[in-house]
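A quick write-up on the structure given underneath.
The values are calculated or read from the model by the stated rules, or taken from the named source; none is laboratory data. Note that this is a predicted model, so its numbers are computed, not measured. Neighbour counts run over all protein chains shown; Cβ positions are idealised from the backbone, glycine included. Remember, those area values only see protein heavy atoms, side chains included, never the ligands or the DNA or RNA. Shrake-Rupley method; radii C 1.70, N 1.55, O 1.52, S 1.80 Å.
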Amino acid sequence: MKRIFLLRHLKSSWDFPELDDYDRPLNERGERCGPFMARHIAAHAVRPDVVLCSTARRTRQTMDYLVESLDGVPVCFERRLYEATPQLLLKRLRELPPEVESVLLIGHNPGLHRLAVALTEKEVPDSVPGLADLREKYPTGSLATLTAPLDDWADLASGLCRLRAFVRPKDLEN
């Protein structure tokens, strides 16, 4: 059984129109929610074998909040994950070696949201807590936990995964 954690970067700022999208930093809300997500990851034993993280500024800043909780987990910063399509994200996951049992992917919408929906497309929303929320919207800072009955990542396909949890920053603030 493989585990996939899909984390959308924390809320970013639009206050600097002169900046390229790639260079946009987190805003105040993103900075406020970072510790909530880090505590959640630590408390729920989210411990992937590897982290795949976009190289955009806001995803790197999101990763900064998780460093302590994920101490010792190798992190691969990859430019190709910036604004990646769901197809490219799926291709990247399929490239993972079979000995990797779990991965945390930190990326962007709409690709991350569309990937999560595609991977869980065979599940019925009423029977899976959080699935309707995930399909409706994937807010910044949200974390989806999926499982897939695989031995080899190369076999990962749409509809193969089960949603185990979907947590949004607003769920953690309350």
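VAL46 satisfies every condition listed in (1) outside any loop (DSSP other than H, G, I, E, B); (2) surrounded by 20 or more Cβ atoms within 10 Å (Cβ to Cβ) except (1). Across region 1-18, the qualifying residues are those that are more than 17 Å from SER142 (Cβ to Cβ) and surrounded by 14 or more Cβ atoms within 10 Å (Cβ to Cβ), and the one among them that is modelled with the lowest pLDDT is SER13.
Residues in region 33-43 that are in contact (Cβ under 8 Å) with a residue 60 or more places away in the chain and surrounded by fewer than 17 Cβ atoms within 10 Å (Cβ to Cβ): ARG39 alone.
Conditions tested, residue by residue: (1) in contact with a Leu (Cβ under 9 Å, 6 or more places away or on another chain); (2) open to solvent by less than 50 Å² (accessible area, probe 1.4 Å).
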{"position": "ARG60", "(1), (2)": "no, no"}
{"position": "TYR65", "(1), (2)": "yes, no"}
{"position": "PHE77", "(1), (2)": "yes, no"}
{"position": "LEU156", "(1), (2)": "yes, yes"}
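Take the conditions (1) closer than 19 Å to ASP21 by Cα; (2) out of contact with any helix residue (DSSP H, G or I) (no Cβ under 8 Å at 6 or more places or on another chain); GLY107 misses just one of them, which is (2).
Could you pull out the residue among LEU81, LEU104 that is touching a residue at least 40 places away in the same chain (Cβ under 8 Å) and open to solvent by less than 40 Å² (accessible area, probe 1.4 Å)? Don't jump to the end; show me each part of the working.
Working: LEU81 fails: touching a residue at least 40 places away in the same chain (Cβ under 8 Å).
Answer to the check: LEU104.
Consider only pairs whose beta carbons are under 6 Å apart and that are at least six residues apart or on different chains; among these, list those whose first residue lies in region 139-166 and is farther than 30 Å from ARG29 by Cβ and whose second residue is in a loop (DSSP other than H, G, I, E, B) and of a type in the set (D, E, K, R). Final answer for the pair search is SER158/GLU121; GLY159/GLU121; GLY159/LYS122. Scanning region 117-156 for residues that are closer than 22 Å to GLN61 by Cβ and among the aliphatic types (A, V, I, L, M) yields LEU143, ALA144.
Out of SER127, SER69, I need the residue that is modelled with pLDDT under 95, among the hydroxyl-bearing types (Ser, Thr, Tyr), more than 21 Å from TRP153 (Cα to Cα) and touching a helix residue (DSSP H, G or I) at 6+ places or on another chain (Cβ under 8 Å). Which one? So that I can check it myself, show each step before the final result.
On the way: SER127 fails: touching a helix residue (DSSP H, G or I) at 6+ places or on another chain (Cβ under 8 Å).
So the residue among SER127, SER69 that is modelled with pLDDT under 95, among the hydroxyl-bearing types (Ser, Thr, Tyr), more than 21 Å from TRP153 (Cα to Cα) and touching a helix residue (DSSP H, G or I) at 6+ places or on another chain (Cβ under 8 Å) is SER69.
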